[in-house]
Amino acid sequence: MTSTPSPATAQSDSPEFVTESNGVLTLAVSAAGAGNSLDDDAIAAGTQALREVARGQRDVGAVLLVGLGKNFCAGGNVRAFAAADDRPTYLRLIADNFHDFVAALYEAEVPVVVAAKGWAAGAGMSLVLHADVAIGGSGTKLRPAYRGIGLTPDGGLTWTLPRAVGAARARQIILTDRVVSADEALDWGILSAIVADDEIESVARANAEAIAAGPRSADSGAKRLLSLASETSLVEHLALEGRSISERSGRPEGIEGVDAFVGKRAPEFGRTR
């Protein structure tokens, strides 16, 4: 990376950063170089692809986030930070672009799976916290990493981490720059499962493909309900659940699912799309 961020002109069909198969949109967030740091072009390409999902221009049932090197993502490119002529302006642009990506993840309204191999530090840790399903290995480690360079978190980490592990534990992790082991991350609900390190990406992809093959409208609705859960009262949330299950019952996937159950056969959700 240079002192000027790469313009957000990367093509959404970039063979390196964006691929799509079996209903899964795979987005790389880091490249093998620069210490597996967050890659500007990858983030720009991913944001564009996610917006295409939100606009209905891509029909996918899951998003899979991966890193192209030995780590998922080791955080921001600190050397690029140091080389910037105007660091505050540069960091604000980098943060804004990253936050556009995070917002696009939510706007796409499809389940997000993360293959959290190796280090997930800084921005990488932030992204793991946005996963619906996060697969790690025994060698997976998470670390805020911002405090060590005198900066504050971004990517929503100060919003997601307290919700995942509790306010007191989140403060301790961020304010002491604590390294969180894979076992701790699993116990605390950050990781969904731990597998062999060399199987992280294959297991994460299998999870993403299994989700994508299912009832996409139902999964999208469930993701939305889960996202809203911390913002609504029980009574309000019951109303949202009632509306959602009623709406899905009249859609092709809901009709197929119920009819298949009654007919004692496996539902064929793919033919309803």
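Data table
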{"item": "Accessible-area composition of the stretch 95-222, carbon plus sulfur, in percent [1.4 Å probe]", "result": "52"}
{"item": "Per-peptide average of other Cβ atoms within 10 Å, ordering 218-224, 259-265 highest first", "result": "218-224, 259-265"}
{"item": "Extended-chain gain in nm, criterion 0.36 nm per residue less alpha-carbon gap, R55 and E199", "result": "48.5 nm"}
{"item": "Table column - 3J(HN,Hα) (Hz), the stretch 50-66, Karplus curve with 6.51, -1.76, 1.60, x for Gly and Pro", "result": "5, 5, 5, 5, 4, 7, x, 7, 10, 10, 10, x, 7, 10, 10, 9, 9"}
{"item": "Gain upon complete extension [L186, R171; 0.36 nm per residue less C-alpha separation]", "result": "3.6 nm"}
{"item": "Nearest 10 degrees, 0 to 90: helix 200-212 Cα axis against the chain principal axis", "result": "40"}
{"item": "Partner lysines for K264 [C-alpha distance under 23 Å; skip if fewer than 8 residues away on the same chain]", "result": "none"}
{"item": "Computed magnitude of the charge dipole of the chain (debye, nearest 20; Cβ of K, R +1, Cβ of D, E -1)", "result": "440"}
{"item": "Degrees between helix 234-249 axis and first principal axis of the chain (Cα, 0 to 90, nearest 10)", "result": "60"}
{"item": "The chain - percent relative contact order, Cα under 8 Å, separation 6 or more", "result": "16"}
{"item": "The stretch 219-238 and the stretch 127-187: distance between their alpha carbon centers, rounded to Å", "result": "24"}
{"item": "Kirkwood hydrodynamic radius of the chain, from inverse mean 1/r over distinct Cα pairs, in Å", "result": "19.4"}
{"item": "Sequence-distant residues sharing a close amide H with A193 (under 5 Å, placed H)", "result": "A134, G136"}
{"item": "Cα shape, the stretch 145-266, gyration tensor, a/c 1.5 rule", "result": "oblate"}
{"item": "Whole-number percent relative contact order across the stretch 93-237, with pairs defined as alpha carbons under 8 Å at least 6 apart", "result": "27"}
{"item": "Whole-number percent relative contact order across the stretch 137-217, with pairs defined as alpha carbons under 8 Å at least 6 apart", "result": "38"}
{"item": "Accessible solvent surface per residue of the chain, calculated while the other protein chains remain in place, 1.4 angstrom probe, Å²", "result": "49"}
{"item": "The stretch 87-197 - charge dipole about Cα centre, Lys and Arg +1 at Cβ, Asp and Glu -1, debye rounded to 20", "result": "480"}
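The values are calculated or read from the model by the stated rules, or taken from the named source; none is laboratory data. From a predicted model like this one, the values you see are computed outputs, not experimental measurements. Here the Cβ is made from the backbone with ideal geometry for all residues, glycine too, and neighbour counts use every protein chain on show. For accessibility, only protein heavy atoms count, side chains too; no ligands or nucleic acids. Shrake-Rupley method; radii C 1.70, N 1.55, O 1.52, S 1.80 Å.
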